[in-house]
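What follows is a single structure, written as structure tokens, with notes after it.
The values are calculated or read from the model by the stated rules, or taken from the named source; none is laboratory data. This structure is a prediction, so every number in the text was calculated from the model and none was measured. Neighbour counts are summed over all protein chains in view; Cβ atoms, including those assigned to glycine, are modelled from backbone coordinates with ideal geometry. Heads up: the accessible areas ignore ligands, DNA and RNA and are worked out on the full protein's heavy atoms, side chains in. Shrake-Rupley method; radii C 1.70, N 1.55, O 1.52, S 1.80 Å.
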Amino acid sequence: MKLMIDEGQIQVIRRLYDVFPAEGVTTNPSILAKTGRPPYEVLKEIRAFIGKEAQLHVQVTGESREEMLEESRRIRRELGENTFIKVPVNREGMAAIRLMKQDKALVTGTAVYTRMQAYLAAQAGADYVAPYVNRIDNLGADGIQTVKDIHALFRNNGLSTQVLAASFKNSQQVQELCLCGIGAATVSADVMERLLKNDAVDMAVSVFRKDFEGLCGQGKTMKDCG
């Protein structure tokens, strides 16, 4: 399972890339709005940092298939052909996915809440679909199970589309989907940090250091002890 960062602030992306094995960045209109900066300025900064080979997912905002297709062409001109165009899986979005695939674009079907949305987007040619785990939970369904079902649906029907799970509230949800081998998960900065944070680990490291300093002296490490 690939890990991606769901973020628009370049300083946050840099901090996470410094530690975590992230393979790309996803954005949406709300994430870009939080930066308070021109969208392409933000996105070009992200692209320059992660490199042209890494995945960058950018969402269209038009309501018609024609608007979405034109947005897709502008996004790819500005950010490179290895930029995934996020398209909401509704009526116009479904038509737009087919047009974009004819246009040789990489496409992520987004705002996915149901198995059938995911299946139809995959049949239309989407490279990824992005089910919203926590938002599905908030509707009274089971977000994790829905993602697992979508993953199985693709495999059982011989579809090459991958799952890009989104909208997590905790690290346990990410871990559970990692165990079932979905294609990718995009995770916010706070959830990403919690994938690694563990007070028991910090305590163990503190004890090891204290014991070692008792042997070799305050501040000593393996590079300067006898």
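A few notes on this one:
- Candidate set from segment 57-73 (those that are touching an Asp or Glu at 6+ places or on another chain (Cβ under 6 Å) and of a type outside the set (A, V, I, L, M, F, W, C)); member that is nearest to R98 (Cα to Cα): R65
- Residue within segment 77-87 that is more than 21 Å from the chain's Cα centre (by Cα), open to solvent by 80 Å² or more (accessible area, probe 1.4 Å) and modelled with pLDDT of 95 or more present: yes
A quick yes/no check of all residues on (1) exposed (fewer than 13 other Cβ atoms within 10 Å of the Cβ); (2) among the aliphatic types (A, V, I, L, M); (3) modelled with pLDDT of 95 or more; (4) within 16 Å of the chain's Cα centre (by Cα):
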{"residue": "R37", "(1), (2), (3), (4)": "no, no, yes, no"}
{"residue": "L43", "(1), (2), (3), (4)": "no, yes, yes, yes"}
{"residue": "I50", "(1), (2), (3), (4)": "no, yes, yes, yes"}
{"residue": "H57", "(1), (2), (3), (4)": "no, no, yes, yes"}
{"residue": "V60", "(1), (2), (3), (4)": "no, yes, yes, no"}
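Rundown of residues vs (1) among the small types (G, A, S); (2) open to solvent by 70 Å² or more (accessible area, probe 1.4 Å); (3) under 24 Å from C178 (Cα atoms); (4) touching a helix residue (DSSP H, G or I) at 6+ places or on another chain (Cβ under 7 Å), yes/no style:
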{"site": "E63", "(1), (2), (3), (4)": "no, yes, no, yes"}
{"site": "I75", "(1), (2), (3), (4)": "no, no, no, no"}
{"site": "V107", "(1), (2), (3), (4)": "no, no, yes, yes"}
{"site": "A130", "(1), (2), (3), (4)": "yes, no, yes, no"}
{"site": "N134", "(1), (2), (3), (4)": "no, no, yes, yes"}
{"site": "G143", "(1), (2), (3), (4)": "yes, no, yes, yes"}
{"site": "T146", "(1), (2), (3), (4)": "no, no, yes, yes"}
{"site": "F154", "(1), (2), (3), (4)": "no, no, yes, yes"}
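- A121 more than 24 Å from G51 (Cα to Cα), in contact with a strand residue (DSSP E or B) (Cβ under 6 Å, 6 or more places away or on another chain) and modelled with pLDDT of 95 or more: yes
- Test: residue in segment 51-59 that is of a type in the set (V, I, T) and out of contact with any strand residue (DSSP E or B) (no Cβ under 9 Å at 6 or more places or on another chain): no
- Which listed residue is among the aliphatic types (A, V, I, L, M), within 25 Å of R91 (Cβ to Cβ) and in a helix (DSSP H, G or I), from L32, L16, L43: L32
- Where S160 falls short, out of the listed (1) surrounded by fewer than 17 Cβ atoms within 10 Å (Cβ to Cβ); (2) at pLDDT below 95; (3) among the hydroxyl-bearing types (S, T, Y): (2)
- Pairs with Cβ under 8 Å, 6+ apart, first in segment 180-193 and within 10 Å of F168 (Cβ to Cβ) and touching a residue at least 12 places away in the same chain (Cβ under 8 Å), second buried (at least 24 other Cβ atoms within 10 Å of the Cβ) and among the polar types (S, T, N, Q): T186/T26
- Residues in segment 167-216 that are open to solvent by 40 Å² or more (accessible area, probe 1.4 Å), in a helix (DSSP H, G or I) and of a type in the set (S, T, N, Q) were compared, and the one that is farthest from L153 (Cα to Cα) is S206.
- Checked against (1) open to solvent by less than 20 Å² (accessible area, probe 1.4 Å); (2) within 17 Å of N28 (Cα to Cα); (3) without any contact (Cβ under 8 Å) to a residue 60 or more places away in the chain, Y113 passes all but a single condition, namely (1).
- No other residue among A185, A166, A189 is among the aliphatic types (A, V, I, L, M) and farther than 24 Å from L120 by Cα apart from A189.
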